[in-house]
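The numbers here are math on the coordinates, done by the rules we state, and not lab data. All of these numbers come straight from a predicted model, not from anything done at the bench. Positions of Cβ are backbone-derived with ideal geometry, glycine not excepted, and every protein chain shown enters the neighbour counts.
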Amino acid sequence: MNFTRADFPEGFVFGTATSAYQIEGHRFGGAGKTHWDSFAATPGNVVRAENGAVACDHYHRMEEDLDLLADLGADAYRFSTSWARVLPEGRGPVNEAGLDFYDRLVDGLLARGIKPAATLYHWELPSPLADLGGWRNRDIAGWFADFTATIMDRIGDRLWSVAPINEPWCVGWLSHFDGYHAPGLRDIRATARAMHHVLLAHGRATQVMRGLGMQNLGAVCNMEWSQPADDSPETHAAATAYDALYNRFFLGGLFHRAYPAEVLAGLEPHLPESWQEDFGIIAEPLDWLGVNYYTRKLITHAPGPWPNYREVDGPLEKTQMGWEIYPDGLRDFLIRTARDYTGNLPLYVTENGMAHADSPDLPDTARIDYLTRHLNAARAAIAEGVPLKGYFTWSLMDNYEWTLGYEKRFGLVHVDFDSLQRTPKASYQALSKWWR
Ligand code: FCB
């Protein structure tokens, strides 16, 4: 990597990200069942029907993992809290062992001089709440606010930053329209409700944390650069619709108190009654916005019902996920987001990285190259005046990649999923040279 800290603004924060269900080992420590457990147990949903029951067993190996983070020279660590670990039924009785776990995690980070950056929800909804309709049920905003109060009452005094929900697009669209993530629905009414309720829950949780006097509260949205596959007006309209659904819907709600017309064209009849009245809660002012960025999509027109787009295989070099490598999208998203939505508000890249089929002794050059190119894209955005304040790599270690099981390796640290042994990869060494 051909740069150093001196090439980034003073105080720029470097870190890595993980999430609870992907690393902790959900069967340990008294956590309740989640919709990812049942989704994974349903044949055809997840590669080899793998689940997060053991994952990286971070639950028992936390100290070792925090040492890896410290040796890497990370300034901050973005982790998530599991709702069902804290409240096994989603509401009601607290699992004290769960609260203790996050308490130790936060103290372990602070003891190593690492900033704790928490996400409250990274996708494993407690099953009893899924039984009540999950994200389709408006009551989820209140359930989530109560969970927020419970966990923040314990760790909120020591966190550096908090985002309530990871990637609302995945919670709403991917899980309720595409059916690709739990709960695996393919239903437009469920989608409209989930997409709106996820923002409402975000707003309620933010209000709860403001009430506790907490600071540095944000939101984390994933973005995919959408490019028309050809020059026809129909194809352009399809690419615009994809961009609206994926990227502009959530930013519109959070920062403009409005949803894009291209999305309302399909979802409006299915949104809950009086949805416009919720923007007062949804648009609760934030201290920062996080952007998760991995790839672009080439989009073309698809005949038939709304939303009339489909993805086309692109010509660029691809990662193990089959995702095209397109660093310019990161630069352009940061510039556009600041220009059209967030102005002077600090931005963070809260996830970026690549999956690569590797073993610990491979040179890992593809990942080093991917990270270098994206860090250069981040620098280009800064040079254009974007107030980018930090960058988090996904992920500290190989982990459970949801529907794709344990095969897709995103880690800076290799994990042997039989022995659970951790081995830093060359990308870890490369980053640690200039992070430390
Ligand atoms: C993001 C998710 C994260 C991981 C990466 C590859 O969308 O937030 O959990 O799956 O993609």
Step through the residues of region 248-258 one at a time and calculate ³J(HN,Hα) from phi using the Karplus curve (6.51 cos²θ - 1.76 cosθ + 1.60, θ = phi - 60°), rounding each to whole Hz and writing x for Gly and Pro.
9, 4, 6, 5, x, x, 6, 10, 10, 6, 7
With 11 Å as the cut-off, how large is the P(r) tail for region 100-141, expressed as percent of Cα-Cα pairs?
72 percent
Largest-first principal axis extents, alpha carbons of the chain, Å:
51, 51, 45
Suppose each label sits 7 Å from its Cα in the direction of the beta carbon; what would the A383-Q429 distance come out to in nanometres?
3.0 nm
From the residues T206, L334, Y242, which one has its Cα farthest along the dipole of region 5-435 in the positive direction, the dipole being from +1 and -1 charges on Cβ of Lys/Arg and Asp/Glu about the Cα centre?
T206
Rank by packing, highest mean first: peptides 231-237, 70-76, with packing defined as the count of other Cβ atoms within 10 Å averaged across residues.
70-76, 231-237
Quick one: Cα convex hull volume of region 319-383, Å³ per residue?
90 Å³
Tell me, in nm to one decimal, what length is gained between E317 and E10 on full extension, where the rule is 0.36 nm per residue of separation less the Cα-Cα distance?
107.2 nm
Length added when fully stretched, R27-A97, from 0.36 nm per residue minus Cα-Cα:
23.9 nm
Taking neighbour Cβ counts within 10 Å as the exposure measure, how do Y77, Y309 sort from fewest upward?
Y309, Y77
Restricting to DSSP H runs of at least four residues, report the calculated mean residue ellipticity at 222 nm for the chain, -39500 (n - 2.57) per run over all residues, nearest 500 deg cm²/dmol.
-10500 deg cm²/dmol
Going by C-beta contacts inside 10 Å, put L132, L289 in order with the fewest on the left.
L132, L289
Once both label points are put 7 Å beyond Cα along the C-beta direction, the Y180-D340 separation in nm becomes 2.1 nm
Checking the a/c ratio against 1.5 first, then a/b against b/c, what shape does the Cα gyration tensor give for region 278-319?
oblate
Restricting to the chain, what percent of DSSP beta bridges are antiparallel, rounded to 5?
20 percent
Quick one: grab the alpha carbon gyration tensor of region 55-139, order the square roots of its eigenvalues as a ≥ b ≥ c, and give me rounded if a/c is under 1.5, else prolate or oblate depending on whether a/b is larger than b/c.
prolate
With a 10 Å Cβ neighbour count serving as the proxy for reagent exposure, in which order, fewest first, do T4, T342 appear?
T4, T342
Collect residues whose amide H, placed 1.01 Å from N in the peptide plane, falls under 5 Å from the amide H of A355; neighbours closer than 5 in sequence don't count.
Q320, M321
How compact is region 193-325 by the rule of thumb for globular proteins, expressed as Cα Rg over 2.2 N^0.38 Å?
1.20
How high is the relative contact order of region 293-436? Use alpha-carbon pairs under 8 Å, at least six apart in sequence, and give a whole percent.
22 percent
Binned Cα-Cα distances of region 117-185, short to long, each 5 Å bin given as a whole percent:
4, 15, 25, 25, 16, 10, 5, 1
Quick check for me: using +1 on Lys/Arg Cβ and -1 on Asp/Glu Cβ, what's the dipole size of the chain about its Cα centre, in debye to the nearest 20?
480 debye
Over the Cα atoms of region 75-200 the radius of gyration and the largest Cα-Cα distance (Dmax), both in Å, equal 15.1, 47
Full extension from R210 to S232: what is 0.36 nm times the residue separation minus their Cα-Cα distance, to one decimal in nm?
3.1 nm
For region 1-70, what class follows from the C-alpha gyration tensor (a ≥ b ≥ c being the square roots of its eigenvalues): rounded when a/c is under 1.5, otherwise prolate if a/b is larger than b/c, else oblate?
prolate
Under the 7 Å Cα-to-Cβ spin-label approximation, R104 and T372 lie apart by a distance in nanometres of 4.0 nm
Mean shadow of region 236-304, computed from the convex hull of its alpha carbons, in nm²?
5.9 nm²
